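The structure under discussion appears below in the form of structure tokens.
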Amino acid sequence: MKRLFAIFSRGMIASALMCCPGVSFGQETTSLLQNADVSAAVSGGFHFYNTDGNRSKVGEYDVLHSGAESSFDLQGSSGRNYIDMSGRMLDENDQSYNLNLDLNRYLRSDFSYMRFQHYLDHDPLKNQDFTTDYNNGACNKLIISELKANNTLLLPSMPFVKFNFDVRSYDKEGNRQAMTVSKCSQCHVTSRNKRVNSSINDVTPGMEIALGPATITYNHLIRSFTEHADAPMTNYGDGASFFLVKGLAPYSLVPDSKLNVDTVNLRSALPWDSTVYATVQHGKRENLETHTNATFNSMATRLSKYFSKYLTCDVYYNKYSLENKTSGGIDLDNARGGFDFNMHPVKNSGLTCSYQWQEINRDNSEPNSTHKNTWRLTWNQRILKKLRYNLKYEKIRVNEPLVRKDDTIPGLVQTALPKKEDTYYANLSWSILYNVTLNTNLRYANLRNSRYNSDEDQWEYAISLWYVPLERLTLTGAYTLAKNKVNSFGALKTYHLNGADGLFEYNDLPYDSRSQTWSLSAAFKLTTQTTLTGDIICIDSIADFDKHVDGQNIGDFSKLSIGQVQTSVGVVYAYNKHLTLNSRFMYREYNDHDQNYFDGHFSMISVGASWSF
Amino acid sequence: MNRSTAALSILLLCVLTAWGCQRFLKAGENRVELPMIEGAFYVGTDSCVPCHDDVYQQFKKTVHYRLNAAELKGMQRGCETCHGPGSKHMQTKGKAQDIISFAKLPPEQSSQMCLACHQGGPTMDWRANVHVLNGVGCNECHKSHKITGPKMVYLGDPDICFTCHQEKKAQLMLPSHHPLREKKMKCGSCHNNHGSENNNLKKQSLNDVCFECHAEYQGPFVFEHAPVVEDCSICHEPHGTIANNLLRQSEPFICLRCHRGHKINPKTGDYPTSGAFLTSCVQCHSAVHGSDLHSQVNGGGLTR
């Protein structure tokens, strides 16, 4: 695919050079270069890390190695030609590059490449009595890289058509933990590291046509997903006669698959002050291991009507259908429609009344049909250009959400989804003084399902203040609180006892979570050449499921109480208009208050210099 | 096949309708009333420079300065493309009411000025945009005079989003999160902030958004887990959670809400082991996203 991309890119450039009047070889090119406006900067430096503890939390997406770092930035324009390049390399596994090329607006290319590291947790399986972990204490990680190139070609002879050719390659390489129950009779969990070497390759040719008031786009996505690594194997033993798996067999198998999607979009102005938007999509997803496939079709239309500057109305209808050709596979039909009335009863205000109806029909999943109604009322207003506030109320009612019916116990039906949902939201943004801005919002939602004994309260509150007490000093502070309280039904079935004999039911199993975030940042221009920056973020988070279910205090296992602190200070010194020196210190800490499992910290010092041309 | 034929027929009908409407409409006509400067005529960008040189020097580096004739669709090049004819503004020595000032326009009207050109790509379904319904127009995020980042987004993505969506910023600071705060992803990786029929998401189905990077779960699998097929967000909160793996609640609670747990048989004592139950369901049911391999006892147990 990369070869295909290279060939196509060369073709695009060649055709652009031939057809773009501003880009041609010879005298004109020399003239363009002479009139070019170019700016560039390069920087280099070193960073020193000191780290310990569980990296899957404290440095989950960071490369925690000491070493050299570098970056560059180049922008140039000449006439209607433009180039913007930038790059940053912190480590072999942490780098990013961008190229934005515009040749006289006839050929545009947006290229990016990024590579980063993701540390993964390795479950120590301490709760299990019989386990085999072949990679106990392993530090699992994935190297993720993404290459994207979005190209647009416009031919002067056909100014109403744009040709697009987008390519994307998304790769993951590394190890992750893979578990299975190797001997069911003993609940013997086997764990070993599984090699990951997967790639997603997308190619999307398409075009956009402008026909007077109408714009039509067509795209065809071709995706292939390949897992080059083999599935891990384990010995499932001889087991009992009714065991379906015996001996050496694979597990955690990731199938190769491919996807093809055709998408057509239309937007057009219509008579009588109205516009229409429509989209049609047809896709096919194929599992290349089992040679089964699923097709999906979707269509959406939206008709917008402008009655007056005080009232606009939108009516829409969407449908998404998934048809799974696998035997026993789940089929879905998800249709929704509704309207939005947008009114302006008072100057600088907006009132939106919305209603949405939704129906989901399923095969091979329960229930066969779900109806959902959503009403939404939103009010926003600006007062004296200094204060803006939003208020929102949303009400959702569902007749029968997705549930799970237990095959072994007649009558046992469970779900985590609500039948009733009410959400209240308020937001205020206020420029109190020229140097003080306040932003605050509050959200409360209640989600309940009385039929299945589920009740959930969600609270979110956030406030931030931006304050510039001196011309050279900027302060920003913020506080956020999020609380979630769930009471749910739960059931336990006695092992090896069939039917309802061994069933124990529990109402109001509680789950509480709470997180608070405090942050403060400051930027101070000490002199005309020196700028100091600093910030501190503290996060306290608790998620607690400490019900003594069946005599076991499983809260000891599932309770998470994690505190985070991150602080950094930096200095930037502009020696002259070309040379800038910078230094930064950062410290991050994770405290696992209950189990110490996720404890970890790292500190980093970086020094560098940049040169602007 | 019948469904796709029907859907394509509807689209064809829409195309024909739009085609027919061309006879009644001028190119680029919009339904929101655009502001006009009565009696003013075009004077050219050079007339703006003496007073607005600082803006012009920035503007020269932007894509709006580089537009070619085809993209201008007959409109005046330079400042007056968006700000309208400037002769009266010059005559009155810079009176603000004699020029189209985006700061003074309501969001819907100022956005409509942008949509006169930006009719394709991500803004096609602009009317589905909850931002504009809440009084947030293009200018709140984009600065059209100067390059402030990719796509001229002021502060850049995700920081511009966090100025309003503070609660999302806080969620992304939680122990389990997508790498937005590490600058490896953006809000725009999943969201089309300009409006889409599926709650400002980039795809028609939420799962298709997730499969962009997590294609290993796209299947279709022989043994499926119903919520995985229907909606990833039933179990996962993509913006960040306290529980591991972006789960809305920790195991085993999230599983117990829909599945009955195992209970030890008192007659057999600790057989099977007590530690296996009511702790971590996915230690055994590890193929929770679906599998092509049948399980040991019950084919669909998702243990392989």
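When the stretch A:493-542 is examined, which residues are found to be of a type in the set (S, T, N, Q), more than 29 Å from the chain's Cα centre (by Cα), within 12 Å of another protein chain (Cβ to nearest Cβ) and assigned to a strand (DSSP E or B)?
Passing the criteria: only A:THR494.
Restricting to the stretch A:129-145, what's the tally of residues that are at the interface with chain B (Cβ under 10 Å from one of its Cβ atoms) and surrounded by fewer than 20 Cβ atoms within 10 Å (Cβ to Cβ)?
The total comes to 2.
Does the stretch A:147-167 hold any residues that are surrounded by 20 or more Cβ atoms within 10 Å (Cβ to Cβ) and either over 25 Å from the mean Cα position of the chain (by Cα) or facing chain B (nearest Cβ under 10 Å) (or both), and which are they?
The answer is A:THR152, A:LEU153, A:LEU154, A:LYS162.
When only residues in the stretch B:28-55 that are among the acidic types (Asp, Glu) and more than 13 Å from B:GLU80 (Cβ to Cβ) count, which is modelled with the lowest pLDDT?
B:GLU29
Being among the small types (Gly, Ala, Ser), at pLDDT 90 or above and buried (at least 19 other Cβ atoms within 10 Å of the Cβ) narrows it down to one residue among B:SER176, B:SER196, B:SER189; which is it?
Exactly one residue qualifies, and that residue is B:SER176.
I'm trying to understand the selection: among the residues of the stretch A:83-105, which are touching a helix residue (DSSP H, G or I) at 6+ places or on another chain (Cβ under 7 Å) and modelled with pLDDT of 90 or more?
A:ASP102, A:LEU103
Name the single residue, out of those in the stretch A:446-466 being of a type outside the set (S, T, N, Q) and within 23 Å of the chain's Cα centre (by Cα), that is surrounded by the fewest Cβ atoms within 10 Å (Cβ to Cβ).
Top of the filtered list is A:TRP459.
Among the residues of the stretch B:204-223, what is the count of those that are part of a loop (DSSP other than H, G, I, E, B), of a type outside the set (S, T, N, Q), facing another protein chain (nearest Cβ under 9 Å) and within 29 Å of B:GLY121 (Cβ to Cβ)?
The number of residues fulfilling the criteria is 2.
Looking at the stretch A:548-567 only, could you name the residues that are closer than 30 Å to B:LYS169 by Cβ, at pLDDT 75 or above and within 13 Å of chain B (Cβ to nearest Cβ)?
A:SER558, A:LYS559, A:LEU560, A:SER561, A:ILE562, A:GLY563, A:GLN564, A:VAL565, A:GLN566
For residues in the stretch A:218-259 being of a type in the set (D, E, K, R) and touching a residue at least 12 places away in the same chain (Cβ under 8 Å), which is farthest from A:ASN150 (Cα to Cα)?
A:ASP230
Can you tell me which condition A:ARG105 does not meet? The list is (1) outside any strand (DSSP E or B); (2) on the phi < 0 side of the Ramachandran plot; (3) not small (Gly, Ala, Ser), and all the others hold.
A:ARG105 satisfies every listed condition except (2).
Only residues that are facing chain A (nearest Cβ under 9 Å), more than 20 Å from B:GLY135 (Cα to Cα) and outside any loop (DSSP other than H, G, I, E, B): list them for the stretch B:152-203, please.
Scanning the stretch B:152-203 gives B:LYS169, B:ALA170, B:GLN171, B:SER176.
Checking A:GLY502 against (1) free of Cβ contacts under 8 Å to residues at least 12 places away in the same chain; (2) surrounded by fewer than 16 Cβ atoms within 10 Å (Cβ to Cβ): exactly one of these is not met. Which one?
Of everything listed in (1) free of Cβ contacts under 8 Å to residues at least 12 places away in the same chain; (2) surrounded by fewer than 16 Cβ atoms within 10 Å (Cβ to Cβ), A:GLY502 misses just condition (2).
What single numbered condition from (1) at pLDDT 85 or above; (2) surrounded by fewer than 18 Cβ atoms within 10 Å (Cβ to Cβ) fails to hold for B:GLY74?
(1)
Among the residues of the stretch A:240-277, count how many are facing chain B (nearest Cβ under 9 Å), of a type in the set (A, V, I, L, M), more than 28 Å from B:ASP208 (Cα to Cα) and in a strand (DSSP E or B).
Total meeting the criteria: 3.
So for the stretch A:477-490 (the condition being over 29 Å from the mean Cα position of the chain (by Cα) and surrounded by fewer than 18 Cβ atoms within 10 Å (Cβ to Cβ)), does at least one residue qualify?
No.
Being surrounded by 22 or more Cβ atoms within 10 Å (Cβ to Cβ) and in contact (Cβ under 8 Å) with a residue 40 or more places away in the chain: is that true of B:GLU237 here?
Spelling it out, it is not the case that B:GLU237 is surrounded by 22 or more Cβ atoms within 10 Å (Cβ to Cβ) and in contact (Cβ under 8 Å) with a residue 40 or more places away in the chain.
For A:PHE545, work out the one condition from (1) within 14 Å of chain B (Cβ to nearest Cβ); (2) without any contact (Cβ under 8 Å) to a residue 12 or more places away in the chain; (3) of a type outside the set (Gly, Ala, Ser) it doesn't fulfil.
(2)
Specify the residue that is modelled with the highest pLDDT; the eligible residues are those in the stretch B:234-270 that are at the interface with chain A (Cβ under 7 Å from one of its Cβ atoms) and in a strand (DSSP E or B).
So the residue we want is B:GLY261.
Just the residues that are within 10 Å of B:PHE223 (Cα to Cα), modelled with pLDDT of 75 or more and facing chain A (nearest Cβ under 8 Å), please, taken from the stretch B:271-301.
Answer for the stretch B:271-301, where residues must be within 10 Å of B:PHE223 (Cα to Cα), modelled with pLDDT of 75 or more and facing chain A (nearest Cβ under 8 Å): B:ALA287, B:SER291, B:ASP292, B:LEU293, B:HIS294, B:SER295.
How about the stretch B:85-107: which of its residues are modelled with pLDDT under 85 and surrounded by 18 or more Cβ atoms within 10 Å (Cβ to Cβ)?
Passing the criteria: B:PRO106, B:PRO107.
Just checking, which of A:LEU248, A:LEU244, A:LEU221 is at negative phi and touching a His at 6+ places or on another chain (Cβ under 7 Å)?
Among A:LEU248, A:LEU244, A:LEU221, only A:LEU244 is at negative phi and touching a His at 6+ places or on another chain (Cβ under 7 Å).
With the checklist (1) surrounded by 21 or more Cβ atoms within 10 Å (Cβ to Cβ); (2) more than 7 Å from chain B (Cβ to nearest Cβ) in hand, flag the one item A:VAL280 doesn't pass.
(2)
Here's the yes/no breakdown for (1) more than 11 Å from chain B (Cβ to nearest Cβ); (2) free of Cβ contacts under 8 Å to residues at least 60 places away in the same chain; (3) closer than 30 Å to A:ILE537 by Cα:
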| position | (1), (2), (3) |
| --- | --- |
| A:ARG448 | yes, yes, no |
| A:SER454 | no, yes, no |
| A:TYR461 | no, yes, yes |
| A:LEU465 | yes, yes, yes |
| A:LEU481 | no, yes, yes |
| A:VAL486 | no, yes, yes |
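Is it the case, given these coordinates, that B:HIS131 is assigned to a loop (DSSP other than H, G, I, E, B) and either within 10 Å of another protein chain (Cβ to nearest Cβ) or crowded, with 18+ Cβ neighbours inside 10 Å (or both)?
So B:HIS131 fails the test.
For the stretch A:154-183, how many residues meet the condition of being part of a loop (DSSP other than H, G, I, E, B) and out of contact with any Phe, Trp or Tyr (no Cβ under 8 Å at 6 or more places or on another chain)?
Residues in the stretch A:154-183 being part of a loop (DSSP other than H, G, I, E, B) and out of contact with any Phe, Trp or Tyr (no Cβ under 8 Å at 6 or more places or on another chain): 4 in total.
The values are calculated or read from the model by the stated rules, or taken from the named source; none is laboratory data. Since we're looking at a predicted model, the values are computed, not measured. FYI the Cβ positions are ideal-geometry reconstructions off the backbone, even for glycines, and counts take in every protein chain you see.
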